[in-house]
Amino acid sequence: MHLVLTGIAGRWPAHKILMLLMVWFTIFNTLSAFAYSYNTLLAVRFLSGLPHGAFFGIGAVVAGKLAKPGKSAQAIAMMFTGLTLANVLGVPLGTYLGQHYYWGVSFLAVGVVGVLAVLGIKFWMPELPKSSNNGFRKDVKVLKRGELWMVFFLTTIGTGGFFAWYSYIAPLITNVAGHPESIVSYVMVLAGIGMVVGNFIGAKLAEKFSPINAVVITLIVMVILLVSNTLFAADKIAVLVLTFLISTFSFCLSTPIQMAMITTAKGSEMLGSSLNQSAFNVGNASGAYFAKPSNCNGLWDCFFHTCRCSNGRDRSSNCFCHYNYAQEKITG
C-alpha cells in the first residue's frame, strides 16, 4: 500500500502530498479515540497506519533535497528524530494519559499534534515541484533492480533482530533481570534516549564512510550487542547498559540504510525510500513474531530463557483474555 500511495503521490508536489498524508494520519488517529469496539479500533488503527511509509519515504527524500551540499545525512537524521523523540516523550506521555484519564485521550493528543504538523508543513515547508516526472508505470520499473531488494532484505533482517528484542523488553527487564515492574517505564525512556543519540551517530557514520559501509559497521555491532544480551540479560546492571547500547546502535542504522536505498533507487527515489519503510515494518512484525513468548522451546527460550507457556490451550485462552480485556477497556 505504501508503494501505491507513493506512486500516485508522484503526480503532485511533495509538500502538498506530505500535507495530505498528515491530514489522513490526523483524521484516523482522532477517530481512534471514538472507537466503540475492539474490532472498530483495529480497523481505524489500520487506516491510520497506511500513510506511514509514504510519508517517511517522501519526507526522507525531501529532507535530503532541502539540505545543503554534504549535509543530506544530517537532514534525514533530523527528520527521523521525530520517531526517536516519540519513544522518549510520546510513549510515556500517552501511557500516562491513558492510565490516569481515559484511553482515548492519547489518540486525541496525537490528533492535536497532527493538526500542528499539517500547519507546519503548510506555512514553513517551501513549495516543491512534482515528486516524479516519470509516471507510476515507469517508477515501478525500479523494482526490477536486484540491488534494491538486497537493501530491502538487509533492512528487514537487520531491524528484525532489534524488534525481536524491543517488542518484549518489559518481560526481559522484569522476568529475566528481576527488576520491579515500576522501572519498566524508565527503561523505555532510557531506550528512547539511546535511539535519539544513535540517530545522529548514524548520520555521522554515513558522512564519514559511505552509507552502505556505515550499515555494515552498524549491523556488526548490533549482532555483538544482541548476542551479549543473551549472555548477560539476567544481570540487573548489564541489562540496563545493554538496553541503551542496543537502542543506540539499532537507530544508527536508520539514516545510512535510508540513504543507501535512495541511492539504489536513483530515478525513482521516493518509491524506493517508501519501500524501505515497508522493510522496517516487515522487520518489526517478523521480529516480534519469531520472538513471541508462545514459541515455547524456540527463540524465546534461546534468547530469554523465560518461556512461561505450558500448552497451546493455555496460550489460546491467554490471548482470548487479552482480547476481552481490550474490549472491556474500549466499551467501558
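The values are calculated or read from the model by the stated rules, or taken from the named source; none is laboratory data. In this text the structure is predicted, and so the values were computed from the model without any measurement. As a convention, Cβ positions derive from the backbone with ideal geometry for all residues, glycine included, and neighbour counts pool all protein chains shown. Note: areas computed on protein heavy atoms with side chains; ligands, DNA, RNA excluded. Shrake-Rupley method; radii C 1.70, N 1.55, O 1.52, S 1.80 Å.
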Checklist entry - Within the bounds of the stretch 206-217, is there any residue that is touching a helix residue (DSSP H, G or I) at 6+ places or on another chain (Cβ under 8 Å), over 15 Å from residue 84 (Cβ atoms) and not in a helix (DSSP H, G or I)? => result yes
Next on the checklist: touching a Ser or Thr at 6+ places or on another chain (Cβ under 8 Å), in contact (Cβ under 8 Å) with a residue 40 or more places away in the chain and among the hydroxyl-bearing types (Ser, Thr, Tyr): is that true of residue 185 in this structure?
Outcome noted: yes
Next on the checklist: Among (1) within 30 Å of residue 263 (Cβ to Cβ); (2) under 15 Å from the mean Cα position of the chain (by Cα); (3) surrounded by 15 or more Cβ atoms within 10 Å (Cβ to Cβ); (4) of a type outside the set (S, T, N, Q), there is one condition residue 64 misses while meeting the rest; what is its number?
Outcome noted: (2)
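Checking the condition open to solvent by less than 30 Å² (accessible area, probe 1.4 Å), closer than 26 Å to residue 166 by Cα and either touching a Phe, Trp or Tyr at 6+ places or on another chain (Cβ under 9 Å) or at pLDDT below 80 (or both), which residue from 57, 104, 10 passes?
Only one candidate passes the filter, namely 104.
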Item to check | Within the stretch 127-144, considering residues that are open to solvent by 50 Å² or more (accessible area, probe 1.4 Å) and touching a helix residue (DSSP H, G or I) at 6+ places or on another chain (Cβ under 7 Å), the one modelled with the lowest pLDDT | outcome: 136
Checklist entry - Give me the pairs: first residue in the stretch 91-104 and over 20 Å from residue 35 (Cβ atoms) and touching a residue at least 12 places away in the same chain (Cβ under 8 Å), second residue of a type in the set (Asp, Glu) and loosely packed, with under 15 Cβ neighbours inside 10 Å, beta-carbon distance under 8 Å, and six or more apart or on different chains, which are they? => result none
